[in-house]
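As structure tokens, the structure follows; a few thoughts come after it.
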Amino acid sequence: MSGMKEKLHTGELYLPGVEEIMKEQASYQDKLCDYNLTKPSESAKRAAMLKDMLGDCGEGVYIEAPFYANFGGHHCHFGKMVYANYHLTCVDDSHIYIGDYTMIGPNVTIATAAHPILPELREKAYQYNMPVRIGRNCWLGAGVIVMPGVTIGDNTVIGAGSIVTKDIPANVVAVGNPCRVMREINEHDREYYYKDRKIDIAE
């Protein structure tokens with residue numbers, strides 16, 4: 001069973017229940033449990049805990065509690081000013097990269113872990129992991145699910161309830177199950193923020 005831990009980030013099949021993995025995973029999950037017990041008023045404490053918990057944590061990262069992660073966020077790499085609403089679930093058995101200024105709606109799941117289709121392998125609890133990359137200044141709407149191995153480009157909006165099974169390019173609006181590109185972000189978006197409501201803000 002030796003060497004299973006090294007396969008967390010290679011995409012190879014491995015057994016996640018071995019002691020060397022489970023022991024380390026439990027220590028990270030304990031920190032996450034403590035984070036979820038903090039009060040909303042304890043923003044400074046939360047910020048310090050996130051810097052300790054996450055693989056990388058840029059300035060201004062804010063994650064509403066409760067937050068769930070298989071490895072307690074240890075394999076999550078967040079740029080600056082990332083915001084995640086309630087019930088973010090990061091299945092971070094391998095690495096999840098989220099760029100600066102990205103916003104994540106409530107009840108979003110970002111998964112790196114998967115299991116083989118072959119029943120005999122699943123019966124033995126084999127697993128493999130593929131990293132997820134989400135670009136800079138993206139917006140993932142409520143209830144979005146991002147599947148293992150997916151890359152989402154900069155500035156892209158993923159509509160609520162979408163299931164992202166394949167890569168999505170930068171600068172688009174994409175929705176659906178499976179998630180598909182609807183259109184590029186365009187000049188209309190520079191004038192209107194919602195239906196016929198014009199943008200009228202001081203720069």
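Read-outs: derived from the displayed coordinates by stated rules, not from any lab. None of the values given here were measured: they were computed from a predicted structure. Because the Cβ atoms are built from the backbone with ideal geometry, glycine has one as well, and the counts that use them run over all protein chains shown.
Net charge of the neighbourhood of PRO131, taken over other residues with C-beta under 13 Å away and scored Lys/Arg +1, Asp/Glu -1, is -2.
When the chain is described by a simple charge dipole with +1 on each Lys and Arg Cβ and -1 on each Asp and Glu Cβ, the residue from VAL108, MET81, MET22 located farthest towards its positive end is VAL108. Placing +1 on the Cβ of every Lys and Arg and -1 on the Cβ of every Asp and Glu, with no other charges, gives the chain a dipole of roughly 280 debye about its Cα centre. Taking a Cβ cut-off of under 14 Å around LEU50, the surrounding Lys, Arg, Asp and Glu residues balance to a net charge of -2, with basic ones at +1 and acidic ones at -1. In the chain, the DSSP-assigned H stretches of four residues or longer account for a calculated mean residue ellipticity at 222 nm of -5500 deg cm²/dmol, using -39500 (n - 2.57) per stretch and the full residue count as denominator. Ordering VAL164, VAL172 from the fewest to the most neighbouring beta carbons within 10 Å gives VAL172, VAL164. For LYS124, a cut-off of 23 angstrom between C-alpha atoms picks up these lysines, skipping any fewer than 8 places away in its own chain: LYS5, LYS7, LYS23.
Close amide H contacts of ILE134 (hydrogens built in the peptide plane, cut-off under 5 Å, sequence separation of 5 or more or a different chain): TYR97, ILE98, GLY99, ILE152.
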